[in-house]
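Working notes, structure below.
The values are calculated or read from the model by the stated rules, or taken from the named source; none is laboratory data. Just so it is clear, the model here is predicted, and its values are computed rather than measured. Here the Cβ positions follow ideal geometry from the backbone for every residue, glycine too, while neighbour counts run over all protein chains shown. Each accessible area value is taken on the protein alone, full model and side chains, heavy atoms only, with ligands, DNA and RNA left out. Shrake-Rupley method; radii C 1.70, N 1.55, O 1.52, S 1.80 Å.
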Amino acid sequence: RHFKTVYAIDFAEGMLERARERVKDCANVRFHQASFLDLHVLPEPVDVAVAVNSLVLPNPDDLEKALGEIGRCVKPGGYFLGILPAMDAVHYATMLLIDRALKAGKPIDAARKNAAHHCEHSYYDFAFGQFRFRGLEQHFWQPFVVGYRFRRSGFTLKRLKKVHLSWKQFAGGKELQEYPPPWDWFFLAKRD
């Protein structure tokens, strides 16, 4: 309602179908099937771009190319905002689970094994910020990476803030509800 034209882009036709259904009463939405790596389907530069948990390309070259493509499509002085999956939130949940197990009297090896199981460490490569599950590979973000990658792509990071998730989404979360829950990262960046 607040924009003359909205361009909805996804590489997956199924996601576009879901989006079409959700906004079927909005005549100003235009749908395009495309990858972040090539956004030439956009007919004009935009004032605002939004990406919610979709900047997860596992290859750093592809990630920077995608950010460059988004930057090319955003007018100078325009904004880019969205949500990024947080790798540091996995570390946080791990820490809480270890502390819980130690408090219950478990030895450190058992506490670590329990935390690794509940936080599904077998799916993560923490050194490279990667998550792998059933052939799907995604990049999870550390806060220092956000500013670094965005600067290299012509954006100035204006805001980076935690968006807390629900403990209900996490194994063992019921016992950890006394603590703030894990998070994803909200970002607001301005095109230079």
Cα-based reach from Lys4 at 19 Å (exclusive), listing aspartates and glutamates while leaving out same-chain residues under 8 positions away: Asp25, Glu44, Asp47
GNM top mover of Ile70, Ile108, Ile98 - the chain, alpha-carbon springs below 10 Å: Ile108
Estimated distance in nm for a label pair at His91 and Ala110, the labels positioned 7 Å out from Cα along Cα-to-Cβ: 2.8
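Could you give the C-alpha radius of gyration of the stretch 150-192 expressed as a fraction of 2.2 N^0.38 Å, taking N as the number of residues it contains?
On the way: Rg = 15.1 Å, N = 43, 2.2 N^0.38 = 9.2 Å.
The value comes to 1.65.
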Antiparallel bridge percentage (DSSP; both residues within the chain; nearest 5): 65
For the stretch 108-192, fraction of C-alpha pairs farther apart than 18 Å, in %: 60
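Efficiency by 1/(1 + (r/R0)^6): what FRET value for Glu175 and Ala127, r their Cβ-Cβ distance, R0 = 35 Å, to the nearest 0.05?
E between Glu175 and Ala127, to the nearest 0.05, is 0.75.
Would you mind calculating the relative contact order of the stretch 73-187 from Cα pairs under 8 angstrom and at least 6 residues apart, reporting the percent as a whole number? Before the final figure, lay out the partial values.
On the way: 132 pairs, mean separation 37.9, N = 115.
Averaging sequence separation for qualifying contacts and normalising by length gives 33 percent for the stretch 73-187.
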Between helix 13-22 and the chain: long-axis angle, C-alpha atoms, 0 to 90°, nearest 10: 80
Within the accessible area of the stretch 45-171 (1.4 Å probe), percent carbon and sulfur: 56
Nearest 10 degrees, 0 to 90: helix 108-118 Cα axis against the chain principal axis: 30
In Hz, Karplus ³J(HN,Hα) per residue of the stretch 95-107 (6.51, -1.76, 1.60; θ = phi - 60°; x = Gly, Pro): 4, 5, 5, 5, 4, 4, 5, 5, 4, 7, x, 6, x
The chain - accessible surface per residue (Å², probe 1.4 Å): 62
Note, ³J(HN,Hα) from phi for the stretch 34-40, Karplus 6.51, -1.76, 1.60, rounded to Hz, x at Gly and Pro: 7, 9, 4, 6, 8, 9, 5
Given (1) 62, 37, 31; (2) 50, 41, 33; (3) 50, 34, 29, the label whose value is Cα extents along the principal axes in Å derived from this model: (1)
Added length on full extension, which subtracts the Cα-Cα distance from 0.36 nm per residue, Tyr148 to Gln33: 38.5 nm
